[in-house]
1. Hey, could you check region 21-52 for residues that are in a loop (DSSP other than H, G, I, E, B) and hydroxyl-bearing (Ser, Thr, Tyr) and say which is nearest to residue 11 (Cα to Cα)?
2. Taking into account only those residues within region 143-163 that are outside any helix (DSSP H, G or I) and surrounded by fewer than 20 Cβ atoms within 10 Å (Cβ to Cβ), which is farthest from the chain's Cα centre (by Cα)?
3. Those residues that are over 26 Å from residue 38 (Cα atoms) and at pLDDT 85 or above, I need them from region 56-78; list them, please.
4. Which one is farthest from residue 179 (Cα to Cα) among residues in region 114-131 that are under 23 Å from the mean Cα position of the chain (by Cα) and either buried (at least 22 other Cβ atoms within 10 Å of the Cβ) or among the polar types (S, T, N, Q) (or both)?
5. Of all residues in region 178-209, which are assigned to a helix (DSSP H, G or I) and of a type in the set (Ser, Thr, Tyr)?
6. List the residue pairs whose Cβ atoms are under 8 Å apart, where the first residue sits in region 39-60 and is in contact (Cβ under 8 Å) with a residue 60 or more places away in the chain and more than 20 Å from residue 179 (Cβ to Cβ), the second is of a type in the set (Ser, Thr, Tyr) and outside any helix (DSSP H, G or I), and the two are 6 or more positions apart or on different chains.
7. Suppose we keep only residues that are among the charged types (D, E, K, R) and surrounded by 17 or more Cβ atoms within 10 Å (Cβ to Cβ) within region 1-57. Which one would you say is nearest to residue 102 (Cα to Cα)?
8. So if I check each of 86, 67, which one is within 13 Å of residue 5 (Cα to Cα) and β-branched (Val, Ile, Thr)?
Amino acid sequence: MLVGLIIGVIVHEYMHGYVAYRMGDTTAKRAGRLTLDPLAHIDPFGTLILPGLLLLMSIMGYGTFIIGYAKPVPINPFLFRKPRGIIWVSLAGPLSNLVLGMIFIGLIRILVLIDGGATLDRIILTCVFIAYINILLCVFNLIPIPPLDGSRIVGYFLRGEVKRVYASMEPYGFVIVIVLVMFFGFVLSSIVGGLANLIMRLFGLSPIF
């Protein structure tokens, strides 16, 4: 799952920067973030320490989810050729995780046709976890609480004082999200599991989540 998380957050942030670049914003490129080099995106706490602690808690029976984040790619919406560019930039990250999830489920579909014994079974299980964590990253980042991607999309449609109050939540947003997930993580798990099972059915696999 940690392997899937690292792959997922790197691709996620890269796609934010790439789509922003296509929209006219060169900020990420000038900052050296328009790359798949892990060292450019890994946040020591968000990519390594936080998921490591959550993994340890899960093993000890105190948690049911593992999540993390990379260093956010810098973007400047004022440089976008069109104001609605923020919607596509915000969607780029979560959708890239969804596509990664589908790619690894597709790989599972191919691997189950091969008789490879215990080693192949371990590879399939790894692909399962990589697919799951990327679908989780997709759903998690679409939660409309600042600073998650879903909030950027909602914020585009807000105006005036409502938009200001909504944006003011950002310094506390991640704490709010963690608290919500701790108490209502079963809702997130149900959504992620349901979506993962749907994709598995589309690939002709039996649902396992």
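1. Among them, the one singled out is 35.
2. Restricting to residues being outside any helix (DSSP H, G or I) and surrounded by fewer than 20 Cβ atoms within 10 Å (Cβ to Cβ), the top hit is 159.
3. Scanning region 56-78 gives a single hit, 78.
4. Looking at residues that are under 23 Å from the mean Cα position of the chain (by Cα) and either buried (at least 22 other Cβ atoms within 10 Å of the Cβ) or among the polar types (S, T, N, Q) (or both), I get 126.
5. Selection gives 189, 190.
6. As it stands, the answer is none, since no pair meets every condition given.
7. The residue in question is 13.
8. Only one candidate passes the filter, namely 67.
The values are calculated or read from the model by the stated rules, or taken from the named source; none is laboratory data. Since we're looking at a predicted model, the values are computed, not measured. Using ideal geometry, Cβ is built from the backbone for each residue, glycine included, and neighbour counts are taken over all protein chains shown.
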